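See structure below.
The values are calculated or read from the model by the stated rules, or taken from the named source; none is laboratory data. All values reported here derive from a predicted model rather than from experimental measurement. Positions of Cβ are backbone-derived with ideal geometry, glycine not excepted, and every protein chain shown enters the neighbour counts.
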């Protein structure tokens, strides 16, 4: 995005312009994070420029100061901060007080801070940055959507974000187009801004190395239909004893009941509810066969209820069709083996 011939972003969204350093710090702290700012050369005139706008639930903040400064964050951030160079050069160091030997921010490189990181930034007098503040919940929701399941931990990105790759160039164009369209185009509509945000976050998650990259790669390697089936079967396995309907499975998969049924028929020659029933039958059969020799003998009804069967006559018929015997016969055989009595 670093282009000296292009207009700087967020014109018309000015929050502050002036030489008052304490006021500049207060304004930026409110928009981003508490920090300490030190001017490196007192002979340089400080002219702080702060602009800010909100798109969907992203905060865009433009900063320049006209003087060489060192910025020290006073506490770890609790959000994602994508620091995109607009002009000039800077460097950033994470979890150390010396920014002079940190990651470069310039024509070919941006930076990303993930939640829990504390950074120091050294900005040259010609430097200006665009910060994209992304809430942790916003990022994890997008990741969950891409993976097709809830995530247990927040993604942590590599700090250095190269801008020279084709994927990064595409992401930069998307960002630039959104900034150009901010006030007068379709991005001013809430639905369009949410779509732009999702594309921006997807570009970061799939295009830049992070702690969830391997999970995303594995998901992408699965054909779409196979991935949906795997996710639905995983949901069934995790909730096998719960009351589950076809509507529940379709909602989990993000599709219609009819589409989900067609998908299972085409791929597995089965149905979602039949697949769930087969899982439950396997669990019942396994428990009836492998009883704990030191435990009291359960009833077939107890075992069937434990694995989610509520219609016992239907359960018995399905069990007999699959295993060629009644569940009570499986239980008796297991009891005989347990007691050592082979008498029929």
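Report the residue count in the range 169-222 for those that are surrounded by fewer than 17 Cβ atoms within 10 Å (Cβ to Cβ) and outside any helix (DSSP H, G or I).
Of the residues in the range 169-222, 8 are surrounded by fewer than 17 Cβ atoms within 10 Å (Cβ to Cβ) and outside any helix (DSSP H, G or I).
Examine the range 236-245 for a residue that is modelled with pLDDT under 90 and not in a loop (DSSP other than H, G, I, E, B), and state whether such a residue exists.
yes
Could you tell me whether any residue of the range 99-108 is under 20 Å from residue 29 (Cα atoms), in the same structural domain as residue 27 (by TED's automatic domain parsing) and not in a helix (DSSP H, G or I)?
Of all residues in the range 99-108, those under 20 Å from residue 29 (Cα atoms) come to 99.
Remaining after also requiring in the same structural domain as residue 27 (by TED's automatic domain parsing): 99.
Add one more test, that the residue is not in a helix (DSSP H, G or I), and what stays is 99.
For the range 99-108, residues under 20 Å from residue 29 (Cα atoms), in the same structural domain as residue 27 (by TED's automatic domain parsing) and not in a helix (DSSP H, G or I): present.
Considering only the range 112-156, how many residues are touching a helix residue (DSSP H, G or I) at 6+ places or on another chain (Cβ under 8 Å) and part of a loop (DSSP other than H, G, I, E, B)?
Adding up the residues that qualify gives 7.
Could you list, in sequence order, all residues of the range 136-162 that are surrounded by fewer than 18 Cβ atoms within 10 Å (Cβ to Cβ) and over 11 Å from the mean Cα position of the chain (by Cα)?
158, 160, 162
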